[in-house]
Amino acid sequence: MKVVVFGATGTIGGALLPALAADHDVVAVSRRAGSGGPDNVRWATADVTDADAVRRALANAEVGYYLVHSL
């Protein structure tokens, strides 16, 4: 299953990635380039205020986690 995690570099997103990657193909999304994590984690750069970037990140995804906050 393809799972997309927005806010993947945050505290919760970073902790969630390894748990999801154990059973799924994961796309980790952040505004800044990210790296690391399990082999089946692919990193994507996107700003959640950019609809086209969000659409590209979610392409063919079955599950999406939105862990982005705005202060």
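The values are calculated or read from the model by the stated rules, or taken from the named source; none is laboratory data. Since this is a predicted model, take the numbers as computed values, not measurements. Note that each Cβ is placed from the backbone with ideal geometry, even for glycine, and that neighbours are counted across all protein chains shown. The area values use the complete protein model at the heavy-atom level, side chains included, leaving out ligands, DNA and RNA. Shrake-Rupley method; radii C 1.70, N 1.55, O 1.52, S 1.80 Å.
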- Task: For the chain, set up a Gaussian network in which alpha carbons nearer than 10 Å are linked by springs, and say which option among V27, V54, V41 fluctuates the most.
- Result: V54
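Apply the a/c threshold of 1.5 to the C-alpha gyration tensor of the chain and tell me whether it is rounded, prolate or oblate. Please list the in-between numbers first.
On the way: a/c = 1.66, a/b = 1.24, b/c = 1.34.
Because a/c hits 1.5 or more and a/b fails to exceed b/c, the chain counts as oblate.
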- Task: Only helical DSSP H runs with n ≥ 4 go in: add -39500 (n - 2.57) per run for the chain, normalise by residue count and round the 222 nm mean residue ellipticity to 500 deg cm²/dmol.
- Result: -7500 deg cm²/dmol
- Task: Whenever you get a sec, compute what percent of the accessible area on the chain sits on carbon and sulfur atoms (1.4 Å probe).
- Result: 52
- Put a dot 7 Å past each Cα toward the Cβ at E62 and W43; how far apart are the dots in nm? 2.7
